[in-house]
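Worksheet: one structure, shown below.
The numbers here are math on the coordinates, done by the rules we state, and not lab data. Keep in mind it's a predicted model, so treat the numbers as computed, not measured. Every residue, glycine as well, gets a Cβ built from its backbone with ideal geometry; the counts of neighbours run over all protein chains shown.
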Amino acid sequence: MPDTILVSRHGGVARVVLNRPEKLNCVSSAMWAELAAIFRALDADAELRCVVLSGAGGRAFCVGADIAEFATTRADAAQARRYAGLSHGALQAIARCRHPVVAAIAGLCVGGGLELACCADLRVCSASSRFGIPVKKLGLVVATTEMEPLVRLVGAATAKEILLTGDIFPAEEALRMGLVNRVATDEAFAAEVDRLVASIVEGAPLVARWHKKFADRLCDPRPLDAAEHDESFHCFDTEDFRIGSAAFLAKARPKFVGR
């Protein structure tokens, strides 16, 4: 039986691939738990610089939860709460991963698949990709934990449009809404993902982690405390700052070490 999630590593880049192409990469309850464990392990890996999340087969990034399981995993509210412990754990592990996470979206990205993508830091899609959360047709509510990344990303009004209409919309509409950062032609999609990842990886990894952390924190309405303000200056004590400054003056390409 093939693995339902594939993980590979090349240099500082990890690639996580949802691998159920015959089911459009829908996520089983076991896969939710596995995703959470994978991203927690990646978060702990200090040598990483970027994580790419994608779906196998080209027809879909992910179409969300495996509805075939609902009769045994989400048949009532009590079961749904237990199931949410798995799915929400995976979404939070992706969002809280300290390394930049890029969702590489080809094909369908709907339901829980779009929720997964919203937890990434950046989203690149192919021109033929399609998006939506049509759960109103199932009589199913998007839980607040799942909805929060969507609302944060596109705002309440656009999130309501997506959820209340249940429409499936094209890549250019997703770009207009702010759901994706870049749209590439189907032929150039893989190369565009690689270009974006290379651009992230060439920078100082500690800086990337700080920028991600600060941007996420600034979405929280609570005021920053003194320690949080002070953390902005910690970079000046890093080896990477010295490497970067020296390379700039020498007109050379810096080789950051993550310290």
Practice item. Give the distance, in whole Å, between the Cα centre of the range 175-189 and the Cα centre of the range 14-73. Key: 21 Å
Practice item. Give, rounded to the nearest 20 debye, the magnitude of the charge dipole that the range 204-249 has about its Cα centre when Lys and Arg contribute +1 at Cβ and Asp and Glu contribute -1 at Cβ. Key: 200 debye
Exercise for review: Compare the peptides 127-138, 243-254 by average per-residue count of other Cβ atoms within 10 angstrom and give them in order, highest first.
Suggested key: 127-138, 243-254
**Study point:** Amide proton proximity set for Ala103, modelled H, under 5 Å, gap of 5+
**Key:** Leu53, Asp121, Leu122, Arg123, Val124
Review point. From the phi of every residue in the range 111-124, what ³J(HN,Hα) in whole Hz does the Karplus formula 6.51 cos²θ - 1.76 cosθ + 1.60 yield, where θ is phi - 60° and glycine or proline is x?
Key: x, x, x, 5, 4, 4, 4, 5, 7, 6, 7, 9, 10, 10
Exercise for review: Give the shape of the chain as rounded, prolate or oblate, defined through the alpha-carbon gyration tensor: a ≥ b ≥ c are the square roots of its eigenvalues, a/c under 1.5 means rounded, and otherwise the shape is prolate if a/b is larger than b/c and oblate if not.
Suggested key: prolate
Review point. Hey, got the dipole for the range 5-200? About the Cα centre, +1 on K and R Cβ, -1 on D and E Cβ, debye to the nearest 20?
Key: 240 debye
Practice item. Count the net charge of all other residues whose Cβ sits under 14 Å from the Cβ of Asp216, scoring Lys and Arg as +1 and Asp and Glu as -1. Key: +2
**Study point:** Sequence ranges 169-179, 29-39, 6-16, ranked by mean other-Cβ count within 10 angstrom, highest first
**Key:** 29-39, 169-179, 6-16
